[in-house]
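The next block holds one structure in the form of structure tokens; read it before the comments.
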Amino acid sequence: MRIRGLTALLLLPAVLLLPAAPAAQAPQGQTVFRAGTALVPVDVRVLDRRGQAVTDLTADDFVILENGVRQQIRHFSAHVLTPAAPDTGGPLRRVAGPDTALSPQNRRLFLIVLGRGRLQEPSKALDAALRFVRDRLLPQDQVALMAWNRATDFTVEHEQVAAVIRRFRDSHAEIEMDLGLHFGGLAGLYAGRQLPASIQAKIDRVFSGEFVPGSREILPAAAGSDAEALLRKSELEVEAESLRRFAFTDGRLADLMTRDVATMGMSFDDYVALNRQTLQDVGNLYAGIEYLRFIEGEKHLIFLNEQGILLPRADYDRDIAALASAARVAIDSLQTGGVATRMVNGFPEIPPHIGFALGALRTLSETSGGQLAVSTSGEDAFDRILEATGSGYLLGYTPSTPALDGRFRRISIEVRRRNVTASYRRGYFARAEEDFDPRRVIATTRMVAAANVAADVKDLKLSVEATSVGSGGSRVVRVDAVVDASRLAFAAAGEKHLAALNVAVLTTDQNGTSLGELWQPLDMTVTTDLLAHVKQKGLPFTVQVPVRTRPTFVKVIVYDYGADLIGSTRVRVR
């Protein structure tokens with residue numbers, strides 16, 4: 001079975017299945033854990049200083065803390081994976097619900113995500129990945145591969161995936177050069193997700209030409225009938241349900257690490273190219289995590305990336321890592337391109353943007369319980385992954401603070417053994433439903449790129465008037481705008497049509513000093529009888545921005561996630 005939409009997966013509500021409701025009602029509505037109720041599972045992998053697995057620990061060697069409070073270990077088991085006959089008789093097992101009894105797995109699921117950029121040299125990471133899949137997995141291990149906007153199914157037929165890796169190794173340098181030209185400079189701001197047919201054809205050949213014509217990004221078959229039913233919904237149905245949940249992260253532009261490209265040690269062209277690489281890599285990371293969240297098993301996402309990911313906000317790497325941690329998905333990050341340095345006063349120095357990008361990889365791996373390999377050979381990196389995942393410990397506890405307060409609960413584990421390193425997920429969300437929406441990263445990435453360009457971006461045409469109103473502490477700038485609706489993506493929502501936009505308004509004086517900003521989602525609904533008129537005449541909206549004093553200029557940025565189109569314009573305040 002093929003699933004049509006990576007986009008559909010990115011739009012799915014992320015439902016966390018921990019912890020369960022109690023068997024009896026507690027006072028003041030508080031959840032109480034009793035015998036036979038849900039446990040919080042923690043997979044722990046322990047390596048010594050030589051990178052060898054430590055397999056002789058007992059429950060007394062571990063201490064678990066949640067938000068700094070020690071927890072009682074209610075389940076402990078140690079396991080060493082051994083070869084077994086592969087299960088070829090049905091779909092992957094779907095996560096059934098909160099765990100009341102834990103049992104270790106004797107198989108691993110590896111989703112290998114091949115990121116953008118140079119992956120073979122100098123680390124020989126693709127050669128190592130090929131050997132890993134072809135020769136080093138256990139017969140029962142399931143493996144899948146994702147690259148660009150394509151993916152394979154999970155399978156125990158490892159040679160099938162190895163064949164894709166071979167074709168990727170032989171073709172990806174040419175494809176990356178094509179993508180660099182397509183997404184470089186101003187073209188990177190104007191280009192949407194849709195690839196030119198010539199580039200898509202080359203990508204399809206890497207995946208044996210099994211791409212379905214006219215489909216969008218794809219993901220492997222769903223795990224279990226419930227997930228299949230959810231994913232079979234049309235993209236418009238999924239959008240109509242989930243666009244209402246969109247939550248843009250408020251924040252000042254000064255807080256964005258891409259505020260001043262020059263201080264990052266990057267040219268504009270390099271910045272836009274890396275921006276687009278990050279956009280595509282982050283989309284695949286989210287899709288992989290979201291898909292694996294539904295599947296039962298020992299889950300690893302192996303992310304090969306040239307120089308890390310440069311996210312638009314410093315806390316977004318923690319958001320991604322927290323999502324993976326809550327889904328029990330360990331992210332194993334392999335930086336493949338060597339560490340680029342520049343000479344400063346006669347000494348080598350890592351450029352700031354590379355430092356930020358590599359730091360994001362570290363956060364992803366450490367928080368989710370995976371392994372990190374930076375500036376090392378691909379063989380050494382995959383050796384460490386195999387050693388770490390070939391054995392381990394499964395711990396379970398019931399939180400001493402059981403109320404579902406919606407916050408991220410920090411997990412920390414102490415191992416009473418010297419000179420060892422423990423890898424484990426660093427927390428989970430204490431809520432029945434995960435409301436973090438990955439689109440906020442994609443939206444912010446695109447809008448920050450537009451904010452850093454002086455010229456107007458006309459992919460979405462905007463007509464804007466800005467008026468200063470009031471005085472003193474009550475002064476605001478009123479922005480009346482009309483966006484060209486002919487290119488907007490409208491999702492059917494009952495008798496109406498919904499366009500989920502994101503709007504940024506940046507006010508400055510004549511010297512470019514910020515005087516006030518607004519970053520917010522803007523859900524616009526249009527009735528069926530007015531839709532044609534709006535598409536012809538435009539979609540109007542009005543927002544107000546508090547300012548410290550009268551500004552000279554206003555820059556308005558509008559992004560439509562559904563169409564992946566952006567528009568910006570700068571006007572003088574009246």
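Considering each of D523, D529 in turn, give the residue that is among the acidic types (D, E), in a helix (DSSP H, G or I) and more than 18 Å from V457 (Cα to Cα).
Criteria check complete, one pass: D529.
Considering every residue within the range 511-518, establish whether at least one is over 27 Å from A454 (Cβ atoms) and in a strand (DSSP E or B).
No: zero hits.
Counting only residues that are among the charged types (D, E, K, R) and over 24 Å from S375 (Cα atoms), which one in the range 105-133 is surrounded by the fewest Cβ atoms within 10 Å (Cβ to Cβ)?
Here the answer is R107.
Mind checking which strands (runs of 3 or more DSSP E) fall wholly inside the range 431-510 and carry at least 2 residues that are more than 15 Å from Y559 (Cβ to Cβ) and modelled with pLDDT of 85 or more?
By residue number, 462-469, 476-483, 496-508.
Can you pull out every residue in the range 382-396 that is of a type in the set (S, T, Y), buried (at least 20 other Cβ atoms within 10 Å of the Cβ) and assigned to a strand (DSSP E or B)?
Y393
Specify the residue that is farthest from T569 (Cα to Cα); the eligible residues are those in the range 528-552 that are polar (S, T, N, Q) and modelled with pLDDT of 90 or more.
Q536
Look through the range 503-538, keep the residues that are among the small types (G, A, S) and out of contact with any helix residue (DSSP H, G or I) (no Cβ under 9 Å at 6 or more places or on another chain), and return whichever of them is farthest from A443 (Cα to Cα).
A532
Output the qualifying pairs, or none if there are none: Cβ atoms under 8 angstrom, residues six or more apart or on different chains, first residue in the range 356-380 and over 19 Å from A422 (Cβ atoms) and at pLDDT 90 or above, second residue of a type outside the set (V, I, T) and assigned to a strand (DSSP E or B).
Going by the 8 Å Cβ cut-off, the qualifying pairs are G378/L334; D380/A373.
The values are calculated or read from the model by the stated rules, or taken from the named source; none is laboratory data. The structure presented is a predicted model; accordingly, all values stated were derived computationally and were not measured. FYI the Cβ positions are ideal-geometry reconstructions off the backbone, even for glycines, and counts take in every protein chain you see.
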